[in-house]
Each structure stands twice: as C-alpha cells, then as structure tokens.
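A short write-up of the structure that comes next.
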Amino acid sequence: MSLLFTQDWDVIQGQEDAYEQFVTDRFIPQCDRLGLSSVGGFYVQVGVGPKIISIKSAPSLADLSKAMGSREFRELKLGLRRYVINYSSKILEPTLATAGETYAIQKGVWKYNIYFDVRPEMRSEFSRFMETTYLPTLRAVDYLQVTECWNVLIGGFSEMIVELTFQDPVDIGRMFDHSGFREITYHLDRDLVRNYKSRILRTTERFDEPKWFRL
C-alpha cells in the first residue's frame with residue numbers, strides 16, 4: 001500500500017469561495033501532476049483538531065520527498081495558506097498492507113480513527129496483542145472494516161493510527177456497545193499505550209470535484 005500524506009486545516013472565515021476555487025482549480029490538479037494522488041477528503045465530525053483533512057498518496061517515500069521538495073509544491077502550499085489556518089501535516093506508513101495494495105478512494109463512508117503512542121516497555125506485548133486479539137476481534141464485526149494500521153513517520157500528534165471504516169454512522173454507535181470492542185479498548189488504553197484519542201470523520205461531498213470540502 002502507498003504512503004499517505006495528510007494535510008489538516010480550517011478555512012478562514014470569509015475566504016470560503018476563494019478557497020474553494022483555489023483547491024478545485026489549482027491545488028488538487030497540480031498535486032496530482034506532482035504524483036500526489038488525491039485519495040480522500042474528510043471532515044472531522046467528532047474530535048479535536050482542524051476540521052478538514054486532505055489525503056494524498058505516493059508510491060514511496062522517495063516519490064513523496066521529491067514532490068514535496070519541488071518549487072511547485074512549495075508555491076501551492078503558500079497559496080493554500082492564504083485561505084486556511086491551523087495547518088498541519090503528517091506522513092503515514094501502512095503496517096498491514098500486502099504487496100501491491102493501494103489505498104482506495106472512498107466516498108460516502110465514515111471513519112473512526114484511533115490514535116495512540118505505544119509504551120516503550122510494552123512493544124512486544126503490544127504487537128502480540130494486536131496480532132492475536134485486537135485485530136481479530138475487530139475483523140469479526142461484520143459492519144466495520146479494518147482499513148489499515150498506520151505508523152506516523154513524520155508529523156501528527158501520535159505514533160500510530162488505527163483506521164476503521166463504516167458505511168453508516170449508526171454502526172459506530174453499535175461498535176461502542178460491542179462487548180469485545182470495549183474489552184480490547186480497555187486493555188489497550190490501560191496497559192499498552194499512552195495518549196489514547198479518537199475522532200469520527202465523514203467524507204466530504206466530492207473531494208475531486210467542485211465544492212469538494214462542503215458537506
């Protein structure tokens with residue numbers, strides 16, 4: 001699976017129309033030409049942080065570094081900063097993907113993302129728990145998909161992210177009531193990790209078309 005480059009921001013009040021035109025006419029198409037393929041646009045429905053998330057993919061860290069180091073990307077980023085605040089970014093590396101998989105474009109879905117840092121002294125126990133208990137428990141729930149577990153290589157506020165995908169937001173509530181989910185979450189948070197946080201995201205209208213960021 002490709003690396004992901006995510007950018008988070010809030011739109012400056014009063015700049016919405018100019019922002020929309022810039023993102024539609026310049027930011028998305030020029031990023032695509034640089035090899036930063038647009039694969040997602042999300043709005044943070046519940047949780048901390050900037051409300052808009054743009055997700056790009058690149059085949060490798062070398063490709064990503066080349067694109068981000070280009071003059072065109074630097075100019076694009078400076079242009080974007082005219083319309084947004086609270087900008088942040090991160091680079092994510094997949095831990096579960098098999099060779100040849102790519103991060104698929106997803107529209108009309110909801111995400112429940114879990115963020116945490118692994119306790120240094122518990123890394124072996126954490127890896128064993130994820131492989132034998134945590135992931136199998138989640139994969140047995142038929143109304144959610146374990147999309148990926150990500151290592152945060154650069155940026156962000158956590159070391160790892162577990163990305164779960166839902167077709168219906170009601171199912172996120174169902175997961176909270178699932179006894180297996182409560183048990184594995186309690187053990188993970190209490191014994192194996194620090195700084196446990198979560199956010200609920202929903203896809204933007206059409207991130208690859210005009211008004212991509214609107215709900």
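The values are calculated or read from the model by the stated rules, or taken from the named source; none is laboratory data. Since this is a predicted model, take the numbers as computed values, not measurements. Here Cβ is always computed from backbone atoms with ideal geometry, including for glycine, and neighbour counts include all displayed protein chains.
Of note:
- Selected residue [crowded, with 17+ Cβ neighbours inside 10 Å, in contact with a helix residue (DSSP H, G or I) (Cβ under 9 Å, 6 or more places away or on another chain) and either among the aliphatic types (A, V, I, L, M) or within 21 Å of ILE154 (Cβ to Cβ) (or both)] from LEU3, LEU92: LEU3
- Scanning segment 53-72 for residues that are in contact with a Ser or Thr (Cβ under 8 Å, 6 or more places away or on another chain) and either crowded, with 16+ Cβ neighbours inside 10 Å or farther than 25 Å from THR165 by Cβ (or both) yields ILE53, SER54, ILE55, LYS56, SER57, ALA58.
- Residues that are closer than 29 Å to ASP168 by Cβ and surrounded by fewer than 12 Cβ atoms within 10 Å (Cβ to Cβ) occur at least once in segment 41-52.
- Leading residue by the ranking (modelled with the lowest pLDDT) among those in segment 9-26 that are surrounded by fewer than 21 Cβ atoms within 10 Å (Cβ to Cβ) and touching a strand residue (DSSP E or B) at 6+ places or on another chain (Cβ under 9 Å): GLU20
- Residue under evaluation GLY108, criteria (1) assigned to a strand (DSSP E or B); (2) under 21 Å from SER38 (Cα atoms), criterion not met: (1)
- Among (1) in contact (Cβ under 8 Å) with a residue 24 or more places away in the chain; (2) touching a Phe, Trp or Tyr at 6+ places or on another chain (Cβ under 8 Å), the one test that PHE42 misses: (2)
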